[in-house]
Structures are given as structure tokens and as C-alpha cells.
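What follows is a single structure, written as C-alpha cells, with notes after it.
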Amino acid sequence: MIQVSESMLEIYNGKYGDLFKPTPKSLPKSANSRLIESFEKVNNFYRKNGFAPRKDSTDFKEQILGHQLLSLRNSPEKRKILNDFDEFSLLQLVEKPKTMAELFAMDDDAFGGEIFDTISLPRLERRVKNHAVVAKRRVTDGSSKNIFKEQQELLNEGKRKLKPFKSIEQLQVGKFYIYDGMMCYVSDQGEKEYKPGGYSQRRLRVLFENRTESNMYRRSLAQRLYEGGFEVVDEDLHPSAGYIYVLESLSQKDEIRTIKNFYKIGFTTNSVENRIKNAESDPTYLMSPVKIVAKYTVSNGIDPQKIEHVIHTFFSSAKVELLIIDNSGKKYAPDEWYSVSLEQIDKAIEMLNSGDIMNYYYDRGSGKIQKR
């Protein structure tokens, strides 16, 4: 039997007694409390930065929050639970388009009333702050003056026209662009540089018509062009056509090859064969060779990026989240990989072509496309 002295009892019952009493165990958190706590991280990101986190951000932590936000938006049950905590209207949905024409006319990448990704691009000030080294312009010898003069003359003659810049896929070596009222030319690009967070970048040699040049990152130039920039294109070239492709991973890793009906659905303006070169060294393709299993040509006059976004949103419930380690040990979260059968992908493409896709949705449980 344990003996307790009177002096110990006095301390225990005195004003310092709480120091000797056991701390009650905290109860496990409920699913709702964990959901609210997760959404509060998104709210905190908005409070700090003034914009919602993007799933395609170059910052890995923001990328994770962006995926979480998109998942919350696509769940009516979670939106209902979080409604009282949505102080910045981050879960607000857009009105469902009634026709394919309305869908492609929308500025937001939306489908079936659910937002795909309507988050604005980050401010220029934030982009500059996040780069350890900021690309600087330097004066050139002016030998490129004539190539800009030629493009200006072709624009005046109507043999060239300006196409709004909407996708990084438009950014290619050998092409001219305009942002902030100045023409620039991408003359060359460097090798891929893998960054902390698992993403890769390339530096471009960009010449400007004011006789300066810069070695800015490809993504940085694209972000500037998103802000009202243009691509200079041939007069007869309609908004870009390209290919929607379906790839099968040839990876021998158990965690990948055991995923049923595992395919990447993507888009390119170039040939698919060129796009997948060196797939085994690119985390986008899971650091493994891939096989082309389907390819769909997008006709001129249709915005392929919109089509790609509709397909990705349509199959969003079947998306597979992965974390890949590249050859340098960096982490990377590859996008556009889905667990859905080729039959259902082909069916969705056919319905998109006919416009019937607006009346259907993909049911992950059955693995089939269902009528609304």
C-alpha cells in the first residue's frame, strides 16, 4: 500500500495541486473536424497570399492545397459541411453551361456545374519573390532587329495575326510573342532543371525588339504571357489544333503496374511521339517508358485545351494521385493519370464530339458513364 505524507497531501490539495493531477486524454478528432481543419489551411493560404492555392503551382505545398481545394469543390457533401467556414467563397461553383457552345465560351474551365480550375494566376510580385535567381535582361548587339521588323510588316499586311496566349503548350522555340506591348522571340532553350518540390523547369533565351535579351524560365515567360499576351501566328492558322492522347505506363513497379485500367490522358500541339521521348527520365511519365494506346485529332477551329480540360474534369473521380522520385531524388506529383477503361475514354470522346457529354457523368463505382 502506498503511503502519502500529510505534507504531500497539503501540496496536492493546495494551489499547485493541478500540476500533480493527470492530464485528461484528448478525444480522437471526428471526420468533420479533420475536414474543417484541412479547409482552414486553404483559408489561411488565401489570407496570406490573396488568392486561392493552385493545383498546378510550381510550389509543392501550394500544389497539394490546390488539389485539396478541387476535391472539396467536387464534393456536395463536403461543401455542405464547410459552408459556414467558407469565408472567402472558395467553394463557390459556376453555373452549369447548357450547351457545348456555352461551355467553350466560358472563361472558367468548368463542367457540369463543377469548377475545374478557375483560380487566377499568381501576382508577378510573388513570382519574383519565389525565385532565388531572377532572370535579368542584358543589351544585345542588335543583330536580331531585322527579324522583328519582318514580323511587324507581316502583321501590317495581314499575313500574320495575334492569337491570345492561353496555354504553355503555345510556347515554343522559333516563335514570336507579344506582352506589355513588346514583341519577343524564343531563340533557344536549355536542358531541364529539376527543382525542390519535384517539378522541372527550362531556361529560354528570349530576344526582345528593344535589343535586349533574357534567360528567363519557360514557366515565367508563360505566366507573363497569360496576362494579356499574344502569340504571333500565320494568318490562316485558327486557334491551335492538336492531339488528345492516351498513354499506358510500361513501368514494372508493383505500385504502378497493379493499378487497373491505368492511363494518362493528355494533350499536345506537336506529335505525340515527340512528346513522349525520354519518358523514362521524366517524372511526368512516372520515370518509365510509355505506350501510345489511343490518339484523337482535334480539328482546327476548336480549342484543344478546353477539350482536354473537359475530359479531365469528366473523369476527375477516377484520377490517381501519385508521388514519384526522379533520378536526382526530388519528389514530383505527376498529373493526368486515371484509372478508367479505354472503352469509357473512347465513349467520352465520341460524346464530346457529338455534344451529348453534357448529359452524362462518369460513375467511379460502376466504372461506367451514366446518364444524368
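Structure notes:
- Matching residues in segment 320-360 - criterion: being touching a Lys or Arg at 6+ places or on another chain (Cβ under 9 Å), over 19 Å from ALA294 (Cβ atoms) and assigned to a helix (DSSP H, G or I): MET358, ASN359
- Residue match in segment 178-188 (condition: at pLDDT 85 or above and either part of a loop (DSSP other than H, G, I, E, B) or touching a helix residue (DSSP H, G or I) at 6+ places or on another chain (Cβ under 6 Å) (or both)): yes
- For LYS277, the conditions (1) in contact with a Ser or Thr (Cβ under 6 Å, 6 or more places away or on another chain); (2) without any contact (Cβ under 8 Å) to a residue 12 or more places away in the chain; (3) among the basic types (Lys, Arg) are fulfilled apart from (1).
- Complete set of residues in segment 337-356 that are closer than 22 Å to THR284 by Cβ and either loosely packed, with under 15 Cβ neighbours inside 10 Å or charged (D, E, K, R) (or both): LEU342
- Subset of segment 198-214 that is at pLDDT below 90 and within 24 Å of the chain's Cα centre (by Cα) - its residue that is surrounded by the fewest Cβ atoms within 10 Å (Cβ to Cβ): ARG202
- The set of residues from segment 157-194 being surrounded by 15 or more Cβ atoms within 10 Å (Cβ to Cβ), over 22 Å from the mean Cα position of the chain (by Cα) and among the hydrophobic types (A, V, I, L, M, F, W, C) comprises PHE176, ILE178, MET183, CYS184, VAL186.
Conditions tested, residue by residue: (1) under 21 Å from SER89 (Cβ atoms); (2) at pLDDT 85 or above; (3) surrounded by fewer than 17 Cβ atoms within 10 Å (Cβ to Cβ).
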| site | (1), (2), (3) |
| --- | --- |
| ASP18 | no, no, yes |
| LYS21 | no, no, yes |
| LYS29 | no, no, yes |
| PHE39 | yes, yes, no |
| THR58 | no, no, no |
| GLU62 | yes, no, no |
| GLY66 | yes, no, no |
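- Looking at PRO283, PRO239, just one residue is at pLDDT below 90 and surrounded by 20 or more Cβ atoms within 10 Å (Cβ to Cβ), and that residue is PRO283.
- When each of GLU191, GLU227 is tested for being in contact with a strand residue (DSSP E or B) (Cβ under 9 Å, 6 or more places away or on another chain), free of Cβ contacts under 8 Å to residues at least 12 places away in the same chain and not aliphatic (A, V, I, L, M), the lone residue that passes is GLU191.
- Within segment 310-332, residues that are farther than 15 Å from SER71 by Cβ and loosely packed, with under 12 Cβ neighbours inside 10 Å have Cβ atoms under 9 Å from residues that are aliphatic (A, V, I, L, M) and at pLDDT 90 or above in these pairs: ASN327/MET287, counting only partners at least 6 apart in sequence or on another chain.
- Residue list for segment 256-269, filter: part of a loop (DSSP other than H, G, I, E, B) and in contact (Cβ under 8 Å) with a residue 40 or more places away in the chain: ILE259, LYS260, ASN261, THR269
- Residue list for segment 269-280, filter: exposed (fewer than 15 other Cβ atoms within 10 Å of the Cβ) and among the small types (Gly, Ala, Ser): SER271
- Against the conditions (1) closer than 29 Å to MET358 by Cβ; (2) at pLDDT 65 or above, VAL94 satisfies every one except (2).
- Within segment 324-360, considering residues that are hydroxyl-bearing (Ser, Thr, Tyr) and over 22 Å from the mean Cα position of the chain (by Cα), the one nearest to LYS264 (Cα to Cα): SER341
- Flag if LYS129 is of a type in the set (Lys, Arg) and modelled with pLDDT of 80 or more: no
- Those residues of segment 271-288 which are outside any helix (DSSP H, G or I) and among the small types (Gly, Ala, Ser), in sequence order: SER271, SER288
- Scope segment 242-274; condition over 15 Å from LEU286 (Cβ atoms), more than 19 Å from the chain's Cα centre (by Cα) and modelled with pLDDT of 85 or more; matching residues: LYS260, ASN261, VAL272, GLU273
The values are calculated or read from the model by the stated rules, or taken from the named source; none is laboratory data. Because the structure is predicted, anything quoted here is derived from the model rather than measured. Here Cβ is always computed from backbone atoms with ideal geometry, including for glycine, and neighbour counts include all displayed protein chains.
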